[in-house]
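Trainee: Before anything else, here's the structure in question.
Quick note: the coordinates plus some simple rules give every number you see, no bench work behind them. Please read these numbers as outputs of a predicted model, since none were measured by experiment. Here Cβ is always computed from backbone atoms with ideal geometry, including for glycine, and neighbour counts include all displayed protein chains.
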Amino acid sequence: MSSEGNLESENSKDDSANFGIKQLNVQAKGYIPSSPDAVICAGKRFYQLHDIHIIDTKYWNISGYGVGIENIKLNTGAISAAVIRADNELAEWDDTGNKTSYGDLNTYFLDLRYAGFSPWEGSWTEFGVDYAMVNPTDEQEDAAENFDNGLMLTAELSQSFALGYNKFVLQYMDK
């Protein structure tokens, strides 16, 4: 079975079978004595996905194949770090709606997060830096204008109330 970088499915060697495996990873907890709640992970997964449930919009989605370590205690919060590879289709559409595909664009993400700081009772925060490094094929470089690496900064403040919670999110992206 091979994924060929696809985040949605896995294929048999001769493409005779397609399997809808969204996540497949190994996680180990308790191997770092100074931070027993830390989790070491490797494989295909939704990495700390953040979304708006009611409209199913993912505003912080660094998912794919990779390795990482989560929940290393630091003061009142915890640090997480990961390297994730995600391949997404590179395509162009002309004025009439015809699509030209150039295959999957190989992208590596470096993800660093700090979560758990509580500025006041009932609140919690999460801060993150994500750096995306693109690795286009020669054909993709010839077909598209340019490929630049990208930076995303995220700050999230959550507040519990009644039976739920509310989130305020700021994101900055340079691309």
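Trainee: Can you tell me the alpha carbon radius of gyration of the range 27-105 divided by the globular rule-of-thumb value 2.2 N^0.38 Å?
Mentor: 1.54
Trainee: Another one. Of Asp87, Asp138, Asp104, which is the most mobile in a GNM of the chain whose springs link Cα atoms less than 10 angstrom apart?
Mentor: Asp138
Trainee: Explain nothing, just the number: dipole magnitude of the range 44-165 about its Cα centre with +1 on each Lys and Arg Cβ and -1 on each Asp and Glu Cβ, in debye rounded to the nearest 20.
Mentor: The dipole of the range 44-165 has a size of about 920 debye.
Trainee: Taking the Cα centre as origin and putting +1 on Lys and Arg beta-carbons and -1 on Asp and Glu beta-carbons, what dipole magnitude results for the range 16-111, to the nearest 20 debye?
Mentor: 560
Trainee: Something else: What is the distance, in nm, between label points placed 7 Å from the Cα along the Cα-to-Cβ direction at Ala42 and at Asn75?
Mentor: 3.3
Trainee: Skipping prolines and chain starts, which residues have an amide H placed within reach, meaning under 5 Å, of the one on Asn88, given they are 5 or more residues away or on another chain?
Mentor: It is Leu105, Thr107, by chain and number.
Trainee: With springs only between Cα atoms under 10 Å, which of Ile72, Ile54, Ile40 fluctuates most in a Gaussian network model of the chain?
Mentor: With Cα springs under 10 Å in the chain, the top fluctuation among Ile72, Ile54, Ile40 is at Ile54.
Trainee: Still on this model: Out of Leu163, Met152, Gln140, whose Cα points farthest toward the positive end of the dipole of the range 111-175 (charges: +1 Lys, Arg; -1 Asp, Glu; placed on Cβ)?
Mentor: The one lying farthest along the dipole's positive direction is Leu163.
Trainee: As an exercise, identify the GluC sites (Glu not before Pro) in the range 83-175 lying in DSSP coil whose Cβ has no more than 13 other Cβ atoms within 10 Å.
Mentor: Those that pass, being in a loop and sparsely packed, are Glu121, Glu145.
Trainee: Can I ask one more? Using a 7 Å offset from Cα along Cα-Cβ at Trp120, what residues in the range 143-175 end up with backbone N under 11 Å from the label point?
Mentor: none
Trainee: Any idea how far the Cα center of the range 138-169 sits from the one of the range 12-62, in Å?
Mentor: 17
Trainee: Which of Ser35, Ser63, Ser80 moves the most in a Gaussian network model of the chain with Cα springs under 10 Å?
Mentor: Ser35
Trainee: Let me ask you something else. Of the chymotrypsin sites (Phe, Trp or Tyr not before Pro) in the range 70-120, which ones lie in a loop per DSSP and count no more than 14 other C-beta atoms within 10 Å?
Mentor: Counting only loop positions with at most 14 other Cβ atoms within 10 Å, the chymotrypsin sites (Phe, Trp or Tyr not before Pro) in the range 70-120 are Trp120.
Trainee: Using only the alpha carbons, work out the radius of gyration and Dmax of the chain in angstrom.
Mentor: Expressed in Å, the Cα Rg and Dmax of the chain come to 18.9, 60.
Trainee: State, as an integer percentage, the relative contact order of the range 128-175 based on alpha-carbon contacts under 8 Å between residues 6 or more apart.
Mentor: Relative contact order, the range 128-175: 35 percent.
Trainee: Could you grab the relative contact order for the chain? Cα pairs under 8 Å, six or more apart, rounded to a whole percent.
Mentor: After rounding, I find 12 percent.
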